[in-house]
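The values are calculated or read from the model by the stated rules, or taken from the named source; none is laboratory data. Just so you know, these numbers come straight off a predicted model, no measurement behind them. All Cβ positions, even for glycine, are placed from backbone atoms using ideal geometry, and neighbour counts span all protein chains on display. We work out accessible area using only protein heavy atoms, side chains counted, and drop any ligands, DNA or RNA first. Shrake-Rupley method; radii C 1.70, N 1.55, O 1.52, S 1.80 Å.
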Amino acid sequence: MGFLERCARDYGDFVPLRLGPARAFLLSHPDLVEEVFVEKSCSFNRGPGIYRNRNLFGGGLLASQGGAWRRQRKLIQPAFQRERLAEYAAGMSACADEMMRDWRDGETRDIHREMMRLALRNIIGAVFGTDSERVWSASGEEIAAAMDTLPEVLLRRMNGPLLFTPESFPAPTNMRLKRIISRLDAVLYPLIKARRAQPVGEHSDLLAMLLEARDEADGPGMSDREIRDELVTFLFAGHETTAAVMTWMWYLLARHPEQRAGIEAELQRVLDGRAPSAEDAGALVCIEQAVRETMRLYPPGWVLGREAQEDCVIGGHPIRKGSILLMSAWVIQRDPRFFDEPERYLPERWADGLMKRIPRFAYFPFGGGPRICIGSAFALMEIVMVTAAVAKRYRLDLPDGSKTVEAPIQPAVTLRPKGGLVMRISRRQDA
């Protein structure tokens with residue numbers, strides 16, 4: 001991250017780089033990002049770090065391209081419509097309550113690990129619905145173990161020479177990836193097979209929608225492999241990014257007790273002690289602003305890549321086919337040209353229509369254009385529900401002596417706190 005920041009600061013908004021044997025460019029202005037994501041999106045595919053892990057993501061929404069991607073997006077989109085989110089919200093709050101049953105006043109816990117487990121439970125709940133408890137009891141630890149090690153393996157494959165080698169090459173990292181894939185396949189394919197044997201209409205979860213999805217009324221459905229690819233995509237992208245955001249938000253609120261007090265007062269006013277629901281989300285303004293500001297400082301997709309599929313021009317610069325363009329939300333969202341006091345945590349900056357005043361892609365924590373994250377609304381709903389459920393009962397504080405020390409960052413697929421994030425849990429006296 002520091003290298004990208006220095007490149008942008010010292011050399012401007014368009015910086016040529018080398019990424020192994022490939023020519024790369026760092027774009028650090030919102031207009032350039034918009035040109036790539038929106039105006040000329042058809043000229044680019046996902047960055048090589050995603051689609052060169054085909055054995056893992058297969059033809060899922062994260063890795064598919066062109067017509068195959070458009071078909072998948074159309075089939076999956078109904079699962080993330082607004083009315084569906086309300087159905088997921090109650091489960092998110094319930095999973096948070098279940099997590100807190102093990103918490104004890106005054107103890108310390110690795111909050112990043114807690115948020116990882118919670119986010120995984122939430123996405124499993126959305127995917128498997130009424131079967132989620134059985135799935136978690138039987139296979140939760142197996143899925144969690146695979147997902148815990150996957151970011152490190154992907155980071156190793158995306159950095160260095162492995163990025164340009166096939167997954168079949170017998171390097172240790174590739175062998176680890178192969179074992180992770182085998183573990184996930186051993187869990188997911190039997191679940192798909194079992195659900196296919198059940199009557200249509202018996203379930204209303206994400207898996208049911210994938211099984212029932214059709215291009216046309218009488219068209220073919222998705223194959224087991226296609227459904228498996230989407231499930232892997234949901235499980236990975238649906239918990240890794242959300243858990244990171246929630247972790248950094250607890251960290252920032254602990255360092256800024258005045259903002260935390262504002263959230264607690266809002267929860268008392270809006271909820272008055274009851275559990276949060278989807279209908280409350282619009283009234284929890286302080287939480288929404290805290291989430292926006294957290295994603296500005298610690299964006300879940302901190303650097304996004306695109307690979308040129310044809311010769312084109314971006315910002316007046318010629319781009320050859322095969323070139324890789326890098327766009328870093330970490331760099332742009334901390335740029336003083338677009339945000340006053342960009343290094344400060346100021347949730348209130350979002351209170352007066354800031355989104356309408358800044359350039360369109362000065363803030364893009366979920367990407368943008370046709371390939372904007374399909375689950376962004378789901379993630380935002382989840383973060384709001386979890387924050388409300390936890391903050392109305394507990395305060396999370398950094399251990400004594402660490403409040404003035406910046407938590408070290410591990411820039412992997414997302415921005416993780418290096419070594420986890422230990423925090424002290426205190427039950428609120430007014431809860």
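So which residues in the range 279-300 are in contact (Cβ under 8 Å) with a residue 12 or more places away in the chain and either on the phi > 0 side of the Ramachandran plot or more than 20 Å from the chain's Cα centre (by Cα) (or both), if there are any at all?
Keep residues of the range 279-300 that are in contact (Cβ under 8 Å) with a residue 12 or more places away in the chain, which gives 279-281, 283-300.
Within the range 279-300, GLU279, ASP280, ALA283, LEU284, VAL285, CYS286 meet the criteria.
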Report task. Would you mind telling me which numbered condition in (1) modelled with pLDDT of 85 or more; (2) on the phi < 0 side of the Ramachandran plot GLY106 fails? Result -> (2)
Query raised in the report: Could you say which residue among ILE287, ILE319 is under 27 Å from ARG18 (Cβ atoms) and either at pLDDT 95 or above or out of contact with any Ser or Thr (no Cβ under 7 Å at 6 or more places or on another chain) (or both)?
Result: ILE319
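Can you confirm whether GLU167 is closer than 19 Å to VAL413 by Cα, in contact (Cβ under 8 Å) with a residue 60 or more places away in the chain and part of a loop (DSSP other than H, G, I, E, B)?
yes
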Query raised in the report: Can you pull out the residues in the range 93-114 that are part of a helix (DSSP H, G or I) and under 19 Å from GLY273 (Cα atoms)?
Result: SER93, ALA94, CYS95, ALA96, ASP97, GLU98, MET99, MET100
Requested in this report: Determine which single condition ALA94 fails, assuming it passes every other condition in (1) of a type in the set (A, V, I, L, M, F, W, C); (2) over 17 Å from ILE383 (Cβ atoms); (3) surrounded by fewer than 20 Cβ atoms within 10 Å (Cβ to Cβ).
Outcome: (2)
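Being touching a residue at least 40 places away in the same chain (Cβ under 8 Å) and among the charged types (D, E, K, R) narrows it down to one of GLU39, GLU83, GLU35, so name that one. Working first, answer last.
Details: GLU39 fails: touching a residue at least 40 places away in the same chain (Cβ under 8 Å); GLU83 fails: touching a residue at least 40 places away in the same chain (Cβ under 8 Å).
After ruling out the rest, the residue left standing is GLU35.
This table checks each residue for (1) open to solvent by 20 Å² or more (accessible area, probe 1.4 Å); (2) without any contact (Cβ under 8 Å) to a residue 40 or more places away in the chain; (3) aromatic (Phe, Trp, Tyr).
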{"residue": "TYR189", "(1), (2), (3)": "yes, yes, yes"}
{"residue": "ALA194", "(1), (2), (3)": "yes, yes, no"}
{"residue": "GLU226", "(1), (2), (3)": "yes, no, no"}
{"residue": "THR233", "(1), (2), (3)": "no, no, no"}
{"residue": "PHE236", "(1), (2), (3)": "no, no, yes"}
{"residue": "GLU240", "(1), (2), (3)": "no, no, no"}
Query raised in the report: Is it the case that the range 305-318 has a residue that's of a type in the set (Lys, Arg), open to solvent by less than 30 Å² (accessible area, probe 1.4 Å) and over 30 Å from ASP97 (Cα atoms)?
Result: yes
Query raised in the report: If you go through the range 184-193 one residue at a time, do you hit one that is closer than 30 Å to GLY20 by Cβ and either part of a helix (DSSP H, G or I) or among the hydroxyl-bearing types (Ser, Thr, Tyr) (or both)?
Result: yes
Requested in this report: Only residues in the range 386-415 that are more than 17 Å from ALA243 (Cβ to Cβ) and open to solvent by 10 Å² or more (accessible area, probe 1.4 Å) count as the first member; pair them with residues that are hydroxyl-bearing (Ser, Thr, Tyr) and modelled with pLDDT of 90 or more, Cβ under 7 angstrom, at least 6 apart or cross-chain, and list the lot.
Outcome: TYR394/SER426; ARG395/SER426; ASP397/SER426; PRO399/THR108
Report summary line: Looking across the range 71-91 at residues that are modelled with pLDDT of 85 or more and in contact with a Pro (Cβ under 9 Å, 6 or more places away or on another chain), the single one that is least open to solvent (accessible area, probe 1.4 Å) is ALA89
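Checking the structure you have, find out if any residue of the range 119-137 is more than 28 Å from GLY201 (Cα to Cα), open to solvent by less than 80 Å² (accessible area, probe 1.4 Å) and either touching a Pro at 6+ places or on another chain (Cβ under 8 Å) or of a type in the set (D, E, K, R) (or both). Write out each step before concluding.
Quick first cut of the range 119-137, residues more than 28 Å from GLY201 (Cα to Cα) only: none.
Within the range 119-137, none of the residues are more than 28 Å from GLY201 (Cα to Cα), open to solvent by less than 80 Å² (accessible area, probe 1.4 Å) and either touching a Pro at 6+ places or on another chain (Cβ under 8 Å) or of a type in the set (D, E, K, R) (or both).
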Query raised in the report: Looking at the range 322-370, which of the residues that are within 19 Å of VAL38 (Cβ to Cβ) and of a type in the set (Gly, Ala, Ser) is surrounded by the fewest Cβ atoms within 10 Å (Cβ to Cβ)?
Result: GLY369
Requested in this report: Output the residue which, of all residues in the range 159-187 that are at pLDDT below 90 and open to solvent by 70 Å² or more (accessible area, probe 1.4 Å), is farthest from LEU231 (Cα to Cα).
Outcome: PRO161
